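Just so it is clear, none of the values below were taken in a lab; they were calculated from the coordinates. Just so it is clear, the structure is predicted and the values come from calculations on it, not from any experiment. Neighbour counts run over all protein chains shown; Cβ positions are idealised from the backbone, glycine included.
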Amino acid sequence: MAFGSFREFLNQLEAAGELKRIALPVATELEMTELADREMKKPGGGKALLFEEPVVNRKPSPFPVAINTLGSWKRLALSLGAESVEAVAAELGSLMKAKPPVSVRDALKLLGTALELRHARPRRVSDGPCKEVIHRFEAPPPRTEPWPPAPPLGEPGAPVPSPTLLELPVLRCWPLDAGRFITLPCVVTRDPDTGERNVGMYRMQIYDDRTTGMHWQLQKVGARHARRHLELGTRMPVAVFLGGDPVYPFAATAPLPDGLDEFLLAGYLRRKSVELVQCETNDLEVPANADFVIEGYVDPREPLREEGPFGDHTGFYTLPEPYPVFHVTAITHRKEAVYPATIVGHPPMEDFYLGSAAVKLFLPVFKMNFPEIVDIALPAEGVFHNLVFVSIRKTYPMQAYKIMHGLWGMGQMMFTKYLVVVDDDVDVHNTSEVLFRLCANTDPQRDSLFTKGPADVLDHATSEIAIGGKLGLDATRKLPGEGFKRPWPSLIRMDPAVKAKMDRLFNL
């Protein structure tokens, strides 16, 4: 189902009993986080919240704030216009099975073809609701001196023309955060050589009315584009949009293979092409139905600026690090715009559902490369990709280790610290069941694989930034070729006929 606006999606959530309206004034500094955190911790992810009277710097904001809109399985299914995320994954899987791939390159080409079967290719339009209000700003001259410390944003200052970054209802999420952070931005960049577009999601710390940090980590596509612009000595156009169809943030965070357009995935999921309109101050394109668009640039030749600390999805604060500065050249928005936000912190949070849904959707892609895989789960306690459970149909010795090496080589799975492989009769979404098999089926010395590789930049536990160790655990039944010389015992299970008889006799 294609949503013409973010408000339309919120109305759908309200009709389904999935939205709570907060009519009292609530500050974007910490107060919204406290209410949203309590809601996200409720069974099933709680409800979406719509703050109708946001308070920014002790002043009311004209823009309502919506949070936790994708923080449950039901709301994710509603955003996709489907009965469930599994139904969407099954449909994509059936499309891709029409012509089984014979190589990884063939698999990626097939994925692109499958996405296009709904005529999902984005199309260009001349105008859209995201341009109902337009504010342009002059681009400052290139900076050569180091950046000064960021000024505090929690205190009201002199009035500035509206809307600048300071007027938007951007959240300061946690007490030790360095400032207010845009937490749900869809960031559009382009490869200067190939012209290929990327839509990613990188947090943005607001420094002042026209500059933010751009926290694209070194493994991200946006960072790669910036490195190429640095080599070319050119300024890099960047566009950030918020709101519009709820599939946009899902597409921006999905583990798409490099080179596949996120707007193509969004068009497939919404069953309608994404209409794109060119920005006012650069030649990038953004969804015409977005609520806010923040246009600007990153100049890779400028000095980096300290960004953070920030209360992150790890449940800890990430420490300050130097990152590029994003300069704002224009802000456009709908007249009745709603500001979308999220928070991250100690799990479970909204990002747990987004990450798990991405794994469900792209499970067919994993299975194309590893047909023995039955299911994959990212437990909430693993804060996204730190802990991964995989079930496989095991048919030969050392097969679990093949899966470990293969998954560590696929996209963001390279960040996985702990990878547990179990047999196909284990429900990987039941953490208790996985831990039972892990404790029962493993000899720590025999069944552990230690290795090294890229680590999440946000992981504070690694000795070096972006470099860390990994542990794979083979919790499958052991075969003779794996050094196990005794018969493998049978799992205790009751006779099915006895179970059926007891059910009949006692109405169980």
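So for Arg58, Arg203, fewest C-beta neighbours within 10 Å to most, what's the order? Don't skip to the answer; put the middle values down first.
Values: Arg58 11, Arg203 23.
By the 10 Å Cβ count, ascending, the order reads Arg58, Arg203.
Mind putting a number on the dipole of the stretch 193-268 about its Cα centre? Charges go on the C-beta only, +1 for Lys and Arg and -1 for Asp and Glu, and I need it in Debye to the nearest 20. Provide the component values of the computation, followed by the final result.
On the way: 8 positive and 9 negative charges, 49 e Å.
Here the size comes out at about 240 debye.
In whole Hz, what ³J(HN,Hα) sequence does the stretch 453-469 give by Karplus (6.51, -1.76, 1.60; θ = phi - 60°), x for Gly and Pro?
Once θ is set to phi - 60°, the couplings for the stretch 453-469 become x, x, 10, 4, 4, 7, 6, 7, 7, 6, 5, 10, 5, 6, 9, x, x Hz.
For Phe326, Phe292, what's the fewest-to-most ordering of other Cβ within 10 Å of each Cβ?
On the way: Phe326 29, Phe292 26.
Starting with the residue having the fewest Cβ neighbours, the order is Phe292, Phe326.
Which value, in debye to the nearest 20, gives the size of the charge dipole of the chain about its Cα centre, when Lys and Arg are +1 and Asp and Glu are -1 at the Cβ? Mind dumping the intermediate values first?
Numbers: 58 positive and 64 negative charges, 316 e Å.
In total the dipole reaches around 1520 debye.
Going Cα to Cα from Lys74, which aspartates and glutamates come in below 20 Å? Please leave out same-chain ones fewer than 8 positions away.
Within the straight-line limit of under 20 Å, Lys74 reaches these aspartates and glutamates: Glu8, Glu14, Glu18, Asp37, Glu39, Glu83, Glu86, Glu91, Asp245, Glu350, Asp351.
Just order 169-176, 390-397 by mean Cβ neighbour count inside 10 Å, highest at the front, would you? Kindly include the intermediate steps, with their values, before the conclusion.
On the way: 169-176: 20.5, 390-397: 17.5.
Most protected by this proxy first, the peptides run 169-176, 390-397.
Taking Cα centroids, how far is the stretch 214-265 from the stretch 427-491 in Å?
Centre-to-centre (Cα) distance: 33 Å.
Residue separation times 0.36 nm, minus the C-alpha to C-alpha distance between Leu479 and Arg271: what's the value?
Numbers: separation 208, 0.36 × 208 = 74.88 nm, distance 4.64 nm.
70.2 nm is the gain from fully extending Leu479 to Arg271.
Which value in deg cm²/dmol, rounded to the nearest 500, describes the helix-derived mean residue ellipticity at 222 nm for the chain, given -39,500 (n - 2.57) per DSSP H run of n ≥ 4 and division by the residue count?
Numbers: 12 runs with 133 residues, N = 508.
Value at 222 nm, helices only: -8000 deg cm²/dmol.
Peptides 376-385, 460-469: what's the order by average Cβ count within 10 Å, highest mean first?
Numbers: 376-385: 20.8, 460-469: 12.7.
Going from most to least packed, we get 376-385, 460-469.
For the pairs Lys402/Lys485; Lys452/Lys485; Lys20/Lys42; Lys42/Lys360, flag any whose C-alpha to C-alpha distance is greater than 20 Å.
Working: Lys402/Lys485 22 Å; Lys452/Lys485 30 Å; Lys20/Lys42 14 Å; Lys42/Lys360 23 Å.
Where the Cα-Cα span goes over 20 Å, the pairs concerned are Lys402/Lys485; Lys452/Lys485; Lys42/Lys360.
Give me the distance in nm between label points sitting 7 Å out from Cα along the Cα-to-Cβ direction at Ile465 and Arg121, one decimal.
It is 4.1 nm.
Please compute the contact order of the chain in relative form: average sequence separation of alpha-carbon pairs under 8 Å and at least six residues apart, divided by the residue count, as a percent.
Values: 1074 pairs, mean separation 79.6, N = 508.
The normalised contact order for the chain reaches 16 percent.
Can you put Thr183, Thr28 in order of Cβ neighbours within 10 angstrom, beginning with the fewest?
Ordered from fewest to most neighbouring Cβ atoms within 10 Å, Thr183, Thr28 come out as Thr183, Thr28.
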